[in-house]
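Below you'll find the structure, written out as structure tokens, and then a few comments.
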Amino acid sequence: TIRAFYRANLALTDPEPPFDFYDHAMAIYTHPNLLAGARLTRCQVERAIVAEGCTIQDARIERSVLGIRSIVGAGTRIRNTVMMGADFYETPMEVERDKAQGVPNVGIGSRTVIDGAIIDKNARIGDDVTIRNAAGVTEGQGDGYYIRDRIVVIPKNATIPPHTML
């Protein structure tokens with residue numbers, strides 16, 4: 001279920017997770033991605049896993065998992081969230097094209113707040129967005145998102161425009 005996926009991923013951030021990727025007797029290896037290490041600039045990170053190839057600046061990440069190539073803008077706060085990352089990096093030309101068309105870049109924009117969500121791959125979340133299920137909705141959906149078991153899910157390739165509140 002979505003809740004089981006969410007809980008299992010966030011459990012990896014616990015001080016003593018229910019399973020250990022670093023146990024020498026039963027090591028679990030992932031395939032190599034051949035990406036640069038994650039780059040974090042002026043960030044606060046508590047109980048999180050940040051995969052290779054991420055770029056995060058001036059952000060606060062708490063009890064979350066950020067997948068490969070995750071981009072997080074300045075002033076953003078992410079809590080209790082599983083972000084799957086991206087399959088690609090955008091080129092500078094693609095970034096400029098998106099900007100001219102008013103389309104957010106792949107990743108999470110600046111000054112955004114996300115709490116209790118699953119962000120699937122290649123999602124585009126604009127600046128000044130709030131994603132949290134403050135009303136405690138159990139099931140629902142809207143333009144570019146749905147809610148299952150009180151977890152806000154942003155599907156693969158979705159776009160959430162700037163200044164959106166979910």
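The values are calculated or read from the model by the stated rules, or taken from the named source; none is laboratory data. Remember, predicted model here, so these are calculated numbers, not experimental data. All Cβ positions, even for glycine, are placed from backbone atoms using ideal geometry, and neighbour counts span all protein chains on display. Each accessible area value is taken on the protein alone, full model and side chains, heavy atoms only, with ligands, DNA and RNA left out. Shrake-Rupley method; radii C 1.70, N 1.55, O 1.52, S 1.80 Å.
Centre-to-centre, using Cα atoms only, segment 109-135 and segment 33-77 are separated by 14 Å.
Using the empirical formula 2.2 N^0.38 Å as the baseline, the Cα radius of gyration of segment 17-75 reaches a ratio of 1.25. Here the alpha carbons of segment 97-154 define both size measures, Rg and Dmax, at 12.1, 37 Å.
Protein heavy-atom surface of the chain, 1.4 angstrom probe: 53% of the accessible area is carbon and sulfur, with nucleic acids and ligands not counted. In plain terms, if you count all Cα to Cα distances in segment 17-136 and split them into 5 Å steps from zero, the share in each step is 3, 11, 19, 24, 19, 13, 7, 3, 2, 0, 0 percent. Using the Karplus relation 6.51 cos²θ - 1.76 cosθ + 1.60 with θ = phi - 60°, the per-residue 3J(HN,Hα) values for segment 98-103 come to 4, 4, 5, 8, x, 9 Hz, with x marking Gly and Pro. Ligands, DNA and RNA are left out, and with a 1.4 angstrom probe the accessible area of the chain is 57 Å² per residue. Packing here is the average count of other Cβ atoms within 10 Å per residue, and on that basis the peptides 47-54, 86-93, 128-135, highest first, run 47-54, 128-135, 86-93. Peptide packing for 160-166, 102-108 was compared via the average number of neighbouring C-beta atoms within 10 Å per residue; ordered from the highest value, the list is 102-108, 160-166.
For the chain, a simple Cβ point-charge model (Lys and Arg +1, Asp and Glu -1, everything else neutral) yields a dipole of about 240 debye relative to the Cα centre. Contact order for segment 14-166, expressed relative to its length and based on alpha carbon pairs under 8 Å spaced 6+ residues apart, stands at 15 percent. Highest-first packing order for the peptide set 5-14, 70-79 is 70-79, 5-14, based on the mean count of other beta carbon atoms within 10 Å.
Put simply, the amide H of THR130, placed in the peptide plane, has neighbours under 5 Å in VAL113, THR164, MET165, LEU166, leaving out anything fewer than 5 places away on its chain. As a check on your grasp of the helix formula, calculate [θ] at 222 nm for the chain: sum -39500 (n - 2.57) over DSSP H runs of n ≥ 4, divide by the residue count, round to the nearest 500. For the chain, the value works out to -3500 deg cm²/dmol. Each residue of segment 10-19 is assigned a 3J(HN,Hα), and the resulting list reads 5, 4, 5, 8, 5, x, 10, x, x, 9 Hz, derived from the Karplus form 6.51 cos²θ - 1.76 cosθ + 1.60 (θ = phi - 60°), x at Gly and Pro.
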